[in-house]
Amino acid sequence: MINDIKKDASERMDKSLKALEQALTKLRTGRARTSLLDHITVEYYGSTVPLNQCANVNVEDPRTLVVTPWEKTMVQPIEKAIMTSDLGLNPVSAGTVIRIPLPPLTEERRKDMIKLVRHEAEGGRIAVRNIRRDALSDIKDMLKEKMIGEDDEHRAHDEIQVITDNHVASIDKLLERKESELMEV
């Protein structure tokens with residue numbers, strides 16, 4: 001029973017960590033990354049699909065992304081989707097290829113991005129702590145119902161705390177890495 005609770009808590013914490021990683025990859029740093037365009041959707045034959053399902057996205061150089069639509073008719077819709085996204089990018093089309101230059105980040109914008117990254121990381125820490133709270137609550141319920149003894153409860157509490165500390169440390173490493181990326185000029 002206790003092992004199931006620990007395993008469930010660990011899996012849920014891993015999912016929170018993955019969600020934070022995905023949120024951080026969407027934040028633009030000074031370097032071009034194909035993951036920057038992952039959340040952009042395009043109207044394609046009457047349905048909305050992710051950009052990477054109707055075009056190839058590649059990094060041309062550290063400051064330029066290149067989008068190559070699979071069909072010539074998709075250049076305009078893709079260009080429009082990129083322009084209307086929340087990224088603030090201005091694509092330039094040259095025939096069937098769309099180039100997206102990434103402007104350098106200003107110092108003020110870097111500081112705003114760092115605040116945003118720290119806020120995201122704190123949200124991840126809160127999610128991990130909430131999962132810990134749920135797991136400890138389940139263990140306390142088991143103690144009340146006399147399914148486990150107090151020694152087992154204390155041991156499980158310590159083990160869940162170790163799992164929580166490891167996930168919080170991983171979040172801190174992600175935050176540190178993203179902050180250093182943002183401060184690169």
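Where a number appears in this text, it was derived from the coordinates with a stated rule and is not lab data. Note that the coordinates shown come from a computational prediction; the quantities given were computed from them, not determined experimentally. Cβ coordinates were reconstructed from backbone atoms using ideal geometry, including for glycine residues, and neighbour counts include every protein chain displayed.
Filter the range 111-124 for residues that are surrounded by fewer than 18 Cβ atoms within 10 Å (Cβ to Cβ) and touching a residue at least 12 places away in the same chain (Cβ under 8 Å); which is farthest from Asp8 (Cα to Cα)?
Ile114
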Is at least one residue of the range 146-168 assigned to a helix (DSSP H, G or I), in contact with a Leu (Cβ under 7 Å, 6 or more places away or on another chain) and closer than 20 Å to Leu20 by Cα? yes
Just give me the residues in the range 36-83 being under 24 Å from Pro104 (Cα atoms) and either assigned to a helix (DSSP H, G or I) or of a type in the set (Phe, Trp, Tyr) (or both), in sequence order. Leu36, Leu37, Leu51, Ile78, Glu79, Lys80, Ala81, Ile82, Met83
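Could you say which residue among Glu71, Glu43 is farther than 30 Å from Ala127 by Cα and loosely packed, with under 14 Cβ neighbours inside 10 Å?
Selected residue: Glu71, the only one of Glu71, Glu43 that is farther than 30 Å from Ala127 by Cα and loosely packed, with under 14 Cβ neighbours inside 10 Å.
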If I filter the range 93-105 down to residues being surrounded by fewer than 17 Cβ atoms within 10 Å (Cβ to Cβ) and within 25 Å of Leu182 (Cα to Cα), which single residue comes out as farthest from the chain's Cα centre (by Cα)? Arg99
Go over the candidates Ser85, Ser16 one by one and state the one that is closer than 30 Å to Glu159 by Cβ, polar (S, T, N, Q) and surrounded by 15 or more Cβ atoms within 10 Å (Cβ to Cβ). Ser16
